[in-house]
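The values are calculated or read from the model by the stated rules, or taken from the named source; none is laboratory data. All values reported here derive from a predicted model rather than from experimental measurement. Because the Cβ atoms are built from the backbone with ideal geometry, glycine has one as well, and the counts that use them run over all protein chains shown.
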Amino acid sequence: MTGLALETMRERADDARNRGLFDEADELYASALDVLAGSPETDEVLCQVLYERALVLYGLGRFAEGEGCLRRALTGREKALGAGAAETIETLARLAEAIGEQGRWVEARALAHEAARLGRASLGIDHVVRAGALMASTWVAVSSGGRHADEVARATVAALEDTPYAGSARNLLVRALRESGQFEEAERVAREALPLREAELGPDHPHTLLLRGDLALTLHGAGRPDEALAVAGEALDVSERALGSQAPCTVRLRHVQEAIAAGPADVR
Amino acid sequence: MTTTRSVDGFLALLDLSDGYRVAGQWPEAFEAAQAALDALPSDGSLTAEEHDELLLLGWLKRENASAGWYGSLRDGGEGRTDLVDPGRGAVAAKPADPDPLRRFRLGAVAVATMCCVTVSTSLVMLVIVLGAPAGQRVTLAGWGAGLLGCFVAAQILSLWWWKRLARASGTESPVVRACTEGDGR
């Protein structure tokens, strides 16, 4: 297989990943890794493909496999680029998230904090990876149900306003507010964030659709089940059409719809 | 800004930082957020989880103030982006150098002067050696070469020292120094 074929494969995989077609992207990244099988662990192309595949596995909910890819990429990048390199810090932040998704919050928090500390020590104030590392720490705080999660999420929205993470920060704020029972503010933030997400990612991207799911859960929590069901149903339709009936996003939205239909139980 | 370490003090300083931020007083907002971080108890009175969460909250407030400070300096500096990373301070804010080639020219003049002095000294020594009686020329040439070597070494050393002093004379704000030399919080 030639270098050109590898490059084409990566471009197609990136494109599929950016459109939220994670199964297709995963196959392409797996093929790219086969091509790179003989490369040294410090090879940056290998590390980047491992990193991107981990993002796809994350989207597919295969967090343990994603963690394995990120650990390999992190080892390679630490050796080749150093701990303070943007690529290394970015990998560390994503590793923290993959570990957190598996419920290992103490480990996740330590890694996310280390990424944020390194980002501040090594990267400029407007470096996107520095913002991404802070975002990972906030994600851990919100997802692990921290006592001050809503305050942390609010501070994150303010701090990352002019970064590419502004939309993700709002998503997290919606979750934090909903989980602390602040439904009115959660709804307002979700409705503000939705058009931004649609413009940024497109209306049928998993992140946009999951934000719709969050809005539905917020309305449900606020005691407006009819509106909640309508929003959830609409998001589920779009997800089934665009991503398929077995895509993780579709499965999650179906669960949201079923939970809302079941009654006033607490749904996260 | 000094304070005793307590969660209440920490939160009060973060509120203060927010107040400064809303008023657009970025350096003050930054310093208040930094003071809040300094006030965060680390004596084990908080659980590790809560400590980390509050630490993150302080980091975010400080980051927000840094970004605002950076933006205001950048805007004031007519779009320059190399001014400062407030709180990290890799580059101290300073007015634009009106003559960016000035340092280069000074360096070139110093090196040229060194070369001229060295060549002149060598010529003087050559004249002395050639003018000496034949039996003493070898000894004189040895002494001359030794002296010339010491002279050149002294010049190189003084150039290096001058460069080091010039670099050390740059100013740095106490906030910048505290953050770059502190405990990384």
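A few comments on the model shown:
- Of all residues making up segment A:183-208, the number that are surrounded by fewer than 18 Cβ atoms within 10 Å (Cβ to Cβ), over 16 Å from the mean Cα position of the chain (by Cα) and touching a residue at least 12 places away in the same chain (Cβ under 8 Å): 5
- Filter result for A:S239 (under 25 Å from A:D26 (Cα atoms), hydroxyl-bearing (S, T, Y) and in a helix (DSSP H, G or I)): yes
- Residue in segment A:99-108 that is touching a residue at least 40 places away in the same chain (Cβ under 8 Å) and under 17 Å from A:S143 (Cβ atoms) present: yes
- Near pairs, Cβ below 7 angstrom, 6+ apart or cross-chain, from segment B:138-167 (more than 14 Å from B:C115 (Cα to Cα)) to any residue that is aliphatic (A, V, I, L, M) and modelled with pLDDT of 75 or more: B:L140/B:I128; B:L140/B:V129; B:L140/B:A132; B:A141/B:V129; B:G144/B:M125; B:G144/B:V129
Residues are listed down the side, and each one gets a yes or a no for (1) more than 7 Å from chain A (Cβ to nearest Cβ); (2) aromatic (F, W, Y); (3) under 17 Å from A:L134 (Cα atoms):
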{"residue": "B:E31", "(1), (2), (3)": "yes, no, no"}
{"residue": "B:A36", "(1), (2), (3)": "yes, no, no"}
{"residue": "B:D43", "(1), (2), (3)": "yes, no, no"}
{"residue": "B:L46", "(1), (2), (3)": "yes, no, no"}
{"residue": "B:E50", "(1), (2), (3)": "no, no, yes"}
{"residue": "B:E53", "(1), (2), (3)": "no, no, yes"}
{"residue": "B:G58", "(1), (2), (3)": "yes, no, yes"}
{"residue": "B:E63", "(1), (2), (3)": "no, no, yes"}
{"residue": "B:Y70", "(1), (2), (3)": "no, yes, no"}
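- Output for segment B:18-54, where each listed residue is over 27 Å from the mean Cα position of the chain (by Cα) and either crowded, with 18+ Cβ neighbours inside 10 Å or among the polar types (S, T, N, Q) (or both): B:D18, B:Y20, B:R21, B:A39, B:L40, B:S42, B:S45, B:T47, B:D52, B:E53, B:L54
- For A:Y51: the one exception among (1) surrounded by fewer than 17 Cβ atoms within 10 Å (Cβ to Cβ); (2) part of a helix (DSSP H, G or I); (3) under 14 Å from the mean Cα position of the chain (by Cα): (1)
- Any hit, segment A:98-119, residues being away from chain B (no Cβ under 14 Å), buried (at least 24 other Cβ atoms within 10 Å of the Cβ) and not hydroxyl-bearing (S, T, Y): yes
- Residue that is surrounded by the most Cβ atoms within 10 Å (Cβ to Cβ) [pool: residues in segment A:125-152 that are facing chain B (nearest Cβ under 8 Å) and either among the aromatic types (F, W, Y) or assigned to a loop (DSSP other than H, G, I, E, B) (or both)]: A:G146
- Qualifying residue in segment A:155-166 (condition: touching a residue at least 12 places away in the same chain (Cβ under 8 Å), assigned to a helix (DSSP H, G or I), more than 17 Å from A:T218 (Cα to Cα) and more than 9 Å from every other protein chain (Cβ to nearest Cβ)): yes
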